[in-house]
Amino acid sequence: MRTVNNSRRLQIANYVKQKREASVQELSEYFAVSPLTIRRDLIALEEQQILLRYHGGARALEHLEETDENSNNVFERKRVSLMEEKRRIAEKACEYLSNDDIIFMNSGSTVLFFLEAIKDKHVTVVTNNAMVPFCEKQVCVELLSLGGNYMERAKSFVGEITVNTINGIYSNCAVLGVNALDPERGMTTWNYQECGVNDAMINHTRGKVILLADHTKIGKVTNYVSSSLDKIDLIITDDGCDPKYVSVFKEKGVDVIVV
């Protein structure tokens with residue numbers, strides 16, 4: 001957390017972090033100051049990238065960059081988290097595939113469930129995900145693994161070589177995992193180089209751009225913007241997602257399926 005200007009703002013920052021989000025009215029009553037003062041404090045805290053304001057309140061700004069834990073343990077923990085929800089999301093995404101599709105797939109753990117869920121269609125999956133050789137997949141799925149600079153923590157390939165290869169391909173659809181997805185800030189990730197890969201995949205997709213996001217990713221914002229919402233066609237999430245986010249995404253023109 002960056003430096004906070006005064007004691008009250010530090011307390012507000014800690015309060016929002018603990019509660020995950022809070023309304024202006026709630027903060028005004030708790031800290032015994034006017035709503036106008038709270039709004040000024042929230043503006044200052046947002047400028048310091050400590051929280052994220054929305055109409056009538058603020059939510060914690062979560063930085064999702066990995067810790068110093070062993071990267072294999074971190075990735076495996078993400079892989080087994082919410083397994084049932086991720087499988088349902090993955091199976092729904094497969095309904096949007098057609099025979100002989102070329103599909104972009106990015107890094108992360110959720111999209112690996114998608115790869116394993118493809119059963120009855122012949123497709124080619126183009127991916128920078130370094131974990132795909134270790135997944136169980138059907139013989140109908142062909143893999144084109146993108147090279148580049150290897151990122152140990154993310155288990156992915158990134159950089160100029162990766163992006164240049166993507167730019168030589170047009171896919172029929174893109175099925176992408178996310179670190180965080182917010183109605184106002186769009187799709188964000190903790191690593192800057194991943195943004196270039198995601199952006200290239202989105203821009204070179206002729207059909208639907210589909211985001212796979214379990215409910216823990218929704219309403220969150222992390223460091224770097226991968227895509228604005230206007231480039232996204234469909235979000236598939238699980239039934240733990242707050243309905244208010246589903247409504248807001250739809251209002252912004254993005255289809256949402258809850259499984």
Taking region 124-147 on its own, how many of its residues are surrounded by 19 or more Cβ atoms within 10 Å (Cβ to Cβ) and under 18 Å from D199 (Cα atoms)?
-> 6
Scanning region 148-162 for residues that are open to solvent by less than 10 Å² (accessible area, probe 1.4 Å) and β-branched (V, I, T), which turns out nearest to the chain's Cα centre (by Cα)?
-> V158
Restricting region 203-217 to residues that are β-branched (V, I, T) and open to solvent by 10 Å² or more (accessible area, probe 1.4 Å), which is nearest to F249 (Cα to Cα)?
-> T216
Hey, any hits in region 89-103 for a residue that's open to solvent by less than 80 Å² (accessible area, probe 1.4 Å), among the basic types (K, R) and modelled with pLDDT of 90 or more?
-> yes
How about region 163-181: which of its residues are out of contact with any Lys or Arg (no Cβ under 6 Å at 6 or more places or on another chain), open to solvent by 10 Å² or more (accessible area, probe 1.4 Å) and hydroxyl-bearing (S, T, Y)?
-> T165
State all residues of region 157-176 that are in contact with a helix residue (DSSP H, G or I) (Cβ under 7 Å, 6 or more places away or on another chain) and either among the basic types (K, R) or more than 18 Å from H122 (Cα to Cα) (or both); if no residue qualifies, say none.
-> V158, G159, T162, V163, I166, N167, L176
Go through region 30-61 and give me each residue that's in contact (Cβ under 8 Å) with a residue 40 or more places away in the chain, open to solvent by 50 Å² or more (accessible area, probe 1.4 Å) and part of a loop (DSSP other than H, G, I, E, B).
-> Q49
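The values are calculated or read from the model by the stated rules, or taken from the named source; none is laboratory data. Being a predicted model, the structure only gives us computed values, none of them experimental. In this analysis, Cβ positions are derived from the backbone assuming ideal geometry, glycine residues included, and neighbour counts consider all displayed protein chains. Please note that ligands, DNA and RNA were not included when accessible areas were found on the heavy atoms of the full protein model with its side chains. Shrake-Rupley method; radii C 1.70, N 1.55, O 1.52, S 1.80 Å.
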